[in-house]
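Remarks on the structure that follows.
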Amino acid sequence: MIDVTTSGLVRDLLPSWMAVAEGAIDGIEGALWPEEAEQVARAVAKRRADFTAGRILARRALSTLGGPRGPIPRGDDGAPLWPPGFTGSITHCHNYAAAAVASRDVVAGLGVDAEEIRRLTGELEAYMFTPGEILRGLTEREPGERQAVAALMFCAKEAYYKAQRPLTEGWVGFQDVELELDEAAGRFDQMLGGVADRE
């Protein structure tokens, strides 16, 4: 098990010019701005804790780039609304949260995602992955490895969605995007409408 209180899960994956803040949710101190608190006022406690941690970390990351202080509300689709000139992504799972932020002068969109491996059950594969993805990425693997790779593939799809959303303002379903892992290089290709984008 990874110690989320000390490891740089997202920081170690991203270039240094992206600002990252991450950590264990139960150790993140701070509060929501009133506008943000209103958006989760009726949510269950776990959802409020995840949302709060994500917004606090997002503000920390934003401040390291000289971004403005203020709320980071969610839009109608649930995605964070970043201040002008910035883009970012927030993720959380179990007791871990992370936020990555960058200047729009450097990158138009970015996506990060984290997931617990044990949540990726075989029953979800047909919903999340295309037959080609299952055949190429999962079929020949032992159960434990298959579950870990399925979690990796799920995170890749989620990160792609988060990165493209502020650019296209479009909804992309799991079956609309097909990816191919290059495990040796630690990269993946995303296929959308027959066009490959290197991530």
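If the condition is being surrounded by fewer than 18 Cβ atoms within 10 Å (Cβ to Cβ) and either out of contact with any Gly (no Cβ under 9 Å at 6 or more places or on another chain) or aromatic (Phe, Trp, Tyr) (or both), then segment 80-92 contributes only Pro84.
Can you find even one residue in segment 101-109 that is buried (at least 20 other Cβ atoms within 10 Å of the Cβ) and acidic (Asp, Glu)? Working first, answer last.
Step one: list which residues in segment 101-109 are buried (at least 20 other Cβ atoms within 10 Å of the Cβ), which gives 101-102.
Subsequent filtering for residues that are acidic (Asp, Glu) retains none.
No; the residues of segment 101-109 include none that is buried (at least 20 other Cβ atoms within 10 Å of the Cβ) and acidic (Asp, Glu).
Of all residues in segment 56-74 being open to solvent by 10 Å² or more (accessible area, probe 1.4 Å) and either assigned to a helix (DSSP H, G or I) or charged (D, E, K, R) (or both), which is farthest from Gly85 (Cα to Cα)? Taking the candidates together, the pick is Ile56. In segment 122-137, is there at least one residue being within 26 Å of Arg11 (Cβ to Cβ), among the hydrophobic types (A, V, I, L, M, F, W, C) and either outside any helix (DSSP H, G or I) or at pLDDT 90 or above (or both)? No, there is no match, as no residue in segment 122-137 is within 26 Å of Arg11 (Cβ to Cβ), among the hydrophobic types (A, V, I, L, M, F, W, C) and either outside any helix (DSSP H, G or I) or at pLDDT 90 or above (or both).
Within segment 110-147, how many residues are β-branched (Val, Ile, Thr) and open to solvent by 20 Å² or more (accessible area, probe 1.4 Å)? Final tally of qualifying residues: 4. Within segment 31-55, the set of residues being open to solvent by less than 80 Å² (accessible area, probe 1.4 Å), more than 19 Å from the chain's Cα centre (by Cα) and farther than 24 Å from Ser103 by Cα comprises Ala31, Ala37, Gln39, Val40, Ala41, Ala43, Ala45.
The values are calculated or read from the model by the stated rules, or taken from the named source; none is laboratory data. In this text, all values refer to a predicted model and were calculated from it rather than measured experimentally. All Cβ positions, even for glycine, are placed from backbone atoms using ideal geometry, and neighbour counts span all protein chains on display. To get the accessible areas, we keep the full protein, side chains included, count just its heavy atoms, and leave off ligands, DNA and RNA. Shrake-Rupley method; radii C 1.70, N 1.55, O 1.52, S 1.80 Å.
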